[in-house]
Ligand SMILES: [Zn+2]
């Protein structure tokens, strides 16, 4: 969780932001540009508070972890699709077996 101070240009457009470990660090560092408590915001990656140097914990510890979780998500999605695909194949095979058995039964009744 991070405390964020948005940096704006003369037109009031956000052009950058600083991450802080706490609102008090934001107040101390930002001084007269402090704009009030922005709220506690999740950030994707670990960062360092620019006021005190404490860790600002991100959702992911690193870019590698971010991509590892993303890759794991894709792998699980692919596995689900493969299971659905194999399930569909099994249903088709069972239906064909039943159709073949039905045709054999009909042939045996005719003959
Ligand atoms: Zn701090």
Checklist outcome for this item: residue 31 vs (1) surrounded by 12 or more Cβ atoms within 10 Å (Cβ to Cβ); (2) at pLDDT 90 or above: all pass except (1)
Next on the checklist: Based on this model, can you work out whether residue 56 counts as touching a residue at least 40 places away in the same chain (Cβ under 8 Å) and away from the ligand (no atom under 12 Å from the Cβ)?
Outcome noted: no
Checklist entry - Can residue 41 be described as within 16 Å of the ligand (Cβ to nearest atom) and in contact (Cβ under 8 Å) with a residue 40 or more places away in the chain? => result yes
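For the stretch 88-100, state whether one or more residues are under 32 Å from the mean Cα position of the chain (by Cα) and either free of Cβ contacts under 8 Å to residues at least 60 places away in the same chain or within 14 Å of the ligand (Cβ to nearest atom) (or both).
Kept after step one, since they are under 32 Å from the mean Cα position of the chain (by Cα), are these residues of the stretch 88-100: 88-89.
Among the residues that remain, those that are also either free of Cβ contacts under 8 Å to residues at least 60 places away in the same chain or within 14 Å of the ligand (Cβ to nearest atom) (or both) are: 88-89.
Looking through the stretch 88-100, at least one residue is under 32 Å from the mean Cα position of the chain (by Cα) and either free of Cβ contacts under 8 Å to residues at least 60 places away in the same chain or within 14 Å of the ligand (Cβ to nearest atom) (or both).
Could you grab me the full set of residues in the stretch 43-58 that are exposed (fewer than 12 other Cβ atoms within 10 Å of the Cβ) and over 13 Å from the mean Cα position of the chain (by Cα)?
Initial filter on the stretch 43-58 (exposed (fewer than 12 other Cβ atoms within 10 Å of the Cβ)): 44, 53, 55.
Once the filter is applied, which keeps residues that are exposed (fewer than 12 other Cβ atoms within 10 Å of the Cβ) and over 13 Å from the mean Cα position of the chain (by Cα), the stretch 43-58 yields 53, 55.
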Checklist outcome for this item: Of the listed residues (2, 61), the one being in contact (Cβ under 8 Å) with a residue 40 or more places away in the chain and surrounded by 11 or more Cβ atoms within 10 Å (Cβ to Cβ) is 2
Checklist outcome for this item: In the set 64, 46, 13, the lone residue that is at negative phi and within 16 Å of the ligand (Cβ to nearest atom) is 46
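The values are calculated or read from the model by the stated rules, or taken from the named source; none is laboratory data. Given the structure is predicted, the values throughout are model-derived calculations rather than measurements. Note that each Cβ is placed from the backbone with ideal geometry, even for glycine, and that neighbours are counted across all protein chains shown.
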